[in-house]
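What follows is one structure encoded as structure tokens, with my remarks underneath.
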Amino acid sequence: MYPFTALVTLLAILFYFFTSARVARARGTYGVKLPAITGHPDFERIFRVQMNTLEWMPIFLPSLWLFAVFISDAAAAAIGLVWIVGRIVYLIGYSRAVAKRGPGFGIQASACIVLWFGALGAILWRLA
């Protein structure tokens, strides 16, 4: 059982739903009709936060779970929370200006790197 990792997974999905809802709301606010994904610069930044989150989910979630299985549920969950915090920092920064997205991106990317290399190291250790 991996209850902490499961909870962090649900929180990550909730964050993604939140970013999706922001895009839907921004479409109305900025008059960007479906299927368009360009228009007002504020809409485009909100849209990119959602899409970048989606782009990172297939990297984050398997790495999170493999780390939990091969190393530790609690450690995976703690690093997973760092990833979510990084996504929030990314959202706040990118919503203000494109140039302000870097710190959040760095936090979440670092969390993914730790999860991925940790899982890889643990798997290789067990194979050796």
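With n ≥ 4 as the cut-off for DSSP H runs, can you work out [θ] at 222 nm for the chain, using -39500 (n - 2.57) per run divided by the number of residues, rounded to the nearest 500?
Numbers: 4 runs with 108 residues, N = 128.
Result for the chain, helices only: -30000 deg cm²/dmol.
Please compute the per residue accessible area over the chain with all protein chains in place, 1.4 Å probe, rounded to a whole number of Å².
Numbers: 7110 Å² over 128 residues.
Result: 56 Å² per residue.
Can you tell me the orientation of helix 73-96 relative to the chain, as the angle in degrees between its alpha-carbon axis and the longest Cα principal axis, to the nearest 10?
20
Quick one: compute a quarter of the convex hull surface over the Cα atoms of the chain and quote it in nm². Could the numbers behind the result be given before it?
Numbers: hull surface 32.4 nm².
Computed as one quarter of the Cα hull surface, the answer is 8.1 nm².
Relative contact order for the chain: what is it in percent, counting Cα pairs under 8 Å that are at least 6 residues apart?
Working: 145 pairs, mean separation 33.4, N = 128.
Taking the mean separation of contacting Cα pairs over the length of the chain, I get 26 percent.
If you place +1 on the Cβ of every Lys and Arg, -1 on the Cβ of every Asp and Glu, and leave all else neutral, what size is the dipole of the chain about its Cα centre, to the nearest 20 Debye? Mind dumping the intermediate values first?
Numbers: 11 positive and 4 negative charges, 89 e Å.
Dipole of the chain, to the nearest 20 debye: 420 debye.
Taking a 1.4 Å probe, which of Lys100, Lys33 shows the most accessible area, and what order do the others take after it? Numbers along the way, then the final one.
Numbers: Lys100 115, Lys33 150 Å².
Order by accessible area, largest first: Lys33, Lys100.
Share of region 1-110's accessible area from carbon and sulfur, percent, 1.4 Å? Mind dumping the intermediate values first?
Values: 4300 of 5800 Å².
Exposed carbon and sulfur together represent 74 percent of the surface.
Between region 12-36 and region 54-128, what is the C-alpha centre distance in whole Å?
If we compute the Cα centre of each part, the gap is 24 Å.
Let me know the Rg and Dmax you get for region 1-41 when you use only its Cα atoms, in Å.
15.1, 46
The values are calculated or read from the model by the stated rules, or taken from the named source; none is laboratory data. Note that the coordinates shown come from a computational prediction; the quantities given were computed from them, not determined experimentally. In this analysis, Cβ positions are derived from the backbone assuming ideal geometry, glycine residues included, and neighbour counts consider all displayed protein chains. Surface accessibility is based on the protein's heavy atoms, side chains included, excluding ligands, DNA and RNA. Shrake-Rupley method; radii C 1.70, N 1.55, O 1.52, S 1.80 Å.
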